[in-house]
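Participant: Questions regarding the structure given below will be posed in turn.
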Amino acid sequence: MHYLQKAIRSIAGQTAMIALFFWLYHILVVYIMRETGLDLGALNYSRHFIPLYAEPQLDLSWWIFPALIVCLGFLYLCYKYILPNSMGLGRLIGIAIVSFIAINISVAQIDGFREIGTEDGPERILALLEPYTRSSLEYYADVPRIDELGLRVFLRDFSKPELFTTLSGHTQTHPPGGVVFLWLASKIFGYNLLSASLVSVLFTAIVVVPFYKLAERLYDEKVALYALLLFLITPNFVMFTTTSMDGPFSVFPIFSLYLFYEARERETAPDIALSTFRPYSLLTGISLALGMFMTYSTVVVGVFLCVIALLERKRFVQYLKVLAFAAIGFIGFYMLLFVLTGFQPLEALWAAIKKDEAGMGTGFESIDRYFHLSFANLFAFLIGVGIPITVVWLRQLGSTFKEWKQNSALSELEENQPRTPWIFNPEKSDTFVIGFLITLLYFTFSTLFTMEVERIWIFMVPFFVIPVAKYLTERPRSDFYWVAGILVFQLIISEVLLYTYW
């Protein structure tokens with residue numbers, strides 16, 4: 001009995017229990033969809049592994065061996081060289097970028113080759129290139145339209161029906177930044193599938209720098225190191241970066257988080273006047289604007305920043321100054337874009353909303369659909385981010401709330417007030433964790449997203465991985481290896497057993 005209790009309390013045991021929960025949830029939702037006709041956006045219970053937008057499909061060939069060698073080699077590198085030894089930041093970042101590229105490409109290529117239809121008949125291409133061939137959906141297909149019209153005219157007329165209705169499905173539900181990104185890449189590397197895929201993963205690789213610096217700014221170097229290593233093997237970030245534009249889309253939202261916390265450290269002193277120039281605050285706004293130019297999902301980060309300002313109420317005035325300069329940077333970017341090109345961001349947003357609602361619904365058609373969509377969104381992302389990460393994040397969440405109660409009680413005792421330990425005292429709590437929980441719950445139940453969030457929300461990965469790293473730094477190092485090992489297992493087995501479209 002003692003060994004059973006110990007196994008259940010272990011990370012591996014709890015991961016197995018959460019995995020069983022998700023499996024039972026899958027069976028239940030499939031039953032409900034089949035019997036009641038429940039609509040979960042693009043998901044089809046007869047094809048998809050609910051709640052994931054993925055089809056069960058076995059892809060097992062010799063292509064799995066490069067991925068196994070790279071992933072297991074990365075774990076060995078962590079065990080033998082990175083964790084036991086200290087190394088300079090430049091060398092660590094270099095290793096991280098090379099590992100990021102190698103892991104992403106090798107895992108994407110587990111599926112081997114795909115057969116696509118062309119004008120000359122069927123053609124076999126590398127699996128990592130296949131998603132970009134779907135011209136009815138992908139931004140890649142709209143790159144020639146910029147060459148045809150010119151960048152200024154393309155942006156000016158983007159939301160006008162005569163152009164908008166001719167664009168691919170994803171371009172119509174997103175800002176034009178994805179197409180512009182691939183068009184710029186085509187000017188440097190040529191317009192072809194290989195350059196589009198490689199540019200996606202190469203550009204996304206630079207995110208390891210703001211990711212590491214964010215974790216270091218929030219906690220310390222050890223947490224940043226653990227977080228960076230886990231980030232490189234987080235399932236959804238690896239699986240969707242090389243084969244979709246959601247990798248490049250994640251760069252500016254994550255960079256915005258780092259800039260905000262840098263501004264928080266440098267530019268929130270009470271004696272700094274509002275008129276004082278705040279470069280990090282301004283850059284936060286510009287980075288958010290660039291993120292919003294690529295994906296409307298960047299709004300999640302903007303809301304999170306406002307939540308942090310509200311939670312840390314003793315510094316609320318200082319945060320208002322930071323957010324004011326961030327707003328100047330954000331609005332200034334779009335004003336400049338309007339002056340130069342005539343781009344209408346609000347018209348583009350409204351056109352995207354109407355297009356998405358036409359295909360997916362609003363989420364409010366019934367109370368039943370509202371709640372099923374909300375919980376399915378949440379569970380899909382928790383599976384995608386990695387079941388062991390979910391387990392440890394829930395542990396860290398519990399630790400944060402426990403610390404929250406203790407700090408609140410101590411504060412009240414110091415101030416000779418009645419002891420009510422349940423009162424929220426955010427100034428002595430981990431607001432990064434609490435603020436994200438509030439933000440996540442808000443967007444989970446907002447119905448602004450209609451499934452596929454295991455891919456769309458990958459820019460949220462730092463909110464999970466960094467607190468998980470903090471928790472693991474306070475545990476035996478063996479816990480880190482358990483989490484990392486199970487993550488690699490989930491990553492490989494997911495790519496082998498599921499066809500994720502991207």
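The values are calculated or read from the model by the stated rules, or taken from the named source; none is laboratory data. Quick caveat, the model's predicted, so the values are computed rather than measured. Backbone-built Cβ (ideal geometry, glycine too); neighbour counts: all protein chains shown. Each accessible area value is taken on the protein alone, full model and side chains, heavy atoms only, with ligands, DNA and RNA left out. Shrake-Rupley method; radii C 1.70, N 1.55, O 1.52, S 1.80 Å.
Participant: Mind listing just one residue for me: the one in the range 65-89 that is modelled with pLDDT of 90 or more and over 21 Å from Val483 (Cα atoms) and, of those, nearest to the chain's Cα centre (by Cα)?
Facilitator: Only one residue tops the list, namely Leu89.
Participant: Taking Val29, is it in a helix (DSSP H, G or I) and in contact with a Pro (Cβ under 7 Å, 6 or more places away or on another chain)?
Facilitator: It is true that Val29 is in a helix (DSSP H, G or I) and in contact with a Pro (Cβ under 7 Å, 6 or more places away or on another chain).
Participant: Return yes when Leu193 is of a type in the set (A, V, I, L, M, F, W, C), in contact with a strand residue (DSSP E or B) (Cβ under 9 Å, 6 or more places away or on another chain) and under 20 Å from Thr243 (Cβ atoms) and no when it is not. Working first, answer last.
Facilitator: On the way: of a type in the set (A, V, I, L, M, F, W, C): yes; in contact with a strand residue (DSSP E or B) (Cβ under 9 Å, 6 or more places away or on another chain): yes; under 20 Å from Thr243 (Cβ atoms): yes.
Considered against the rule, which asks whether it is of a type in the set (A, V, I, L, M, F, W, C), in contact with a strand residue (DSSP E or B) (Cβ under 9 Å, 6 or more places away or on another chain) and under 20 Å from Thr243 (Cβ atoms), Leu193 comes out as yes.
Participant: Considering only residues of the range 126-178 that are of a type in the set (Val, Ile, Thr) and open to solvent by 20 Å² or more (accessible area, probe 1.4 Å), which is modelled with the lowest pLDDT? Give the derivation first.
Facilitator: So the first thing to find is which residues in the range 126-178 are of a type in the set (Val, Ile, Thr), and the list is 133, 143, 146, 153, 165-166, 171, 173.
Checking which are open to solvent by 20 Å² or more (accessible area, probe 1.4 Å) leaves us with 133, 153, 165-166, 173.
Numbers: Thr133: 90, Val153: 97, Thr165: 94, Thr166: 95, Thr173: 93.
In this case the residue turns out to be Thr133.
Participant: To continue, here is another question. Find all pairs meeting these conditions: Cβ atoms under 7 angstrom apart; at least six residues apart or on different chains; first residue within the range 204-223 and more than 19 Å from Leu283 (Cα to Cα); second residue surrounded by fewer than 20 Cβ atoms within 10 Å (Cβ to Cβ) and of a type in the set (Val, Ile, Thr).
Facilitator: Cβ pairs passing all conditions: Ala205/Ile97; Ala205/Ile101; Lys222/Thr473; Val223/Thr473.
Participant: So which of Phe325, Phe237 is out of contact with any His (no Cβ under 9 Å at 6 or more places or on another chain) and open to solvent by 10 Å² or more (accessible area, probe 1.4 Å)? It would help to see each step written out before you state the result.
Facilitator: Working: Phe237 fails: open to solvent by 10 Å² or more (accessible area, probe 1.4 Å).
Exactly one residue qualifies, and that residue is Phe325.
Participant: A further question follows. Could you tell me which numbered condition Phe304 fails, if it satisfies all but one of (1) under 25 Å from the mean Cα position of the chain (by Cα); (2) part of a loop (DSSP other than H, G, I, E, B)?
Facilitator: (2)
Participant: So, one more: Restricted to the range 43-88, and to residues that are charged (D, E, K, R) and part of a loop (DSSP other than H, G, I, E, B), which residue is most open to solvent (accessible area, probe 1.4 Å)? Lay out the reasoning, then the answer.
Facilitator: Restricting attention to the range 43-88, the residues satisfying the condition of being charged (D, E, K, R) are 47, 55, 59, 80.
Within this subset, residues satisfying the condition of being part of a loop (DSSP other than H, G, I, E, B) are 47, 59.
Numbers: Arg47: 109, Asp59: 24 Å².
Once the filter is applied, the top-ranked residue is Arg47.
Participant: In this structure, does Thr362 turn out to be in a helix (DSSP H, G or I) and either within 23 Å of the chain's Cα centre (by Cα) or among the hydroxyl-bearing types (Ser, Thr, Tyr) (or both)? Before you say what the answer is, go through the steps one by one.
Facilitator: Values: in a helix (DSSP H, G or I): no; either within 23 Å of the chain's Cα centre (by Cα) or among the hydroxyl-bearing types (Ser, Thr, Tyr) (or both): yes.
No: the conditions fail for Thr362.
Participant: So which residues in the range 160-193 are outside any helix (DSSP H, G or I) and touching a residue at least 12 places away in the same chain (Cβ under 8 Å), if there are any at all? Please lay out each step first, then the result.
Facilitator: Within the range 160-193, the subset outside any helix (DSSP H, G or I) is 160, 165-168, 173-176, 190-192.
Thr166, Leu167, Ser168, Thr173, His174, Pro175, Pro176, Tyr191 - these are the residues of the range 160-193 that are outside any helix (DSSP H, G or I) and touching a residue at least 12 places away in the same chain (Cβ under 8 Å).
Participant: Tell me the residue from Leu274, Leu336, Leu310 that is modelled with pLDDT of 90 or more, open to solvent by 60 Å² or more (accessible area, probe 1.4 Å), out of contact with any Phe, Trp or Tyr (no Cβ under 8 Å at 6 or more places or on another chain) and of a type outside the set (Gly, Ala, Ser), please. It would help to see each step written out before you state the result.
Facilitator: On the way: Leu274 fails: modelled with pLDDT of 90 or more; Leu310 fails: out of contact with any Phe, Trp or Tyr (no Cβ under 8 Å at 6 or more places or on another chain).
Leu336 is the lone residue from the list that is modelled with pLDDT of 90 or more, open to solvent by 60 Å² or more (accessible area, probe 1.4 Å), out of contact with any Phe, Trp or Tyr (no Cβ under 8 Å at 6 or more places or on another chain) and of a type outside the set (Gly, Ala, Ser).
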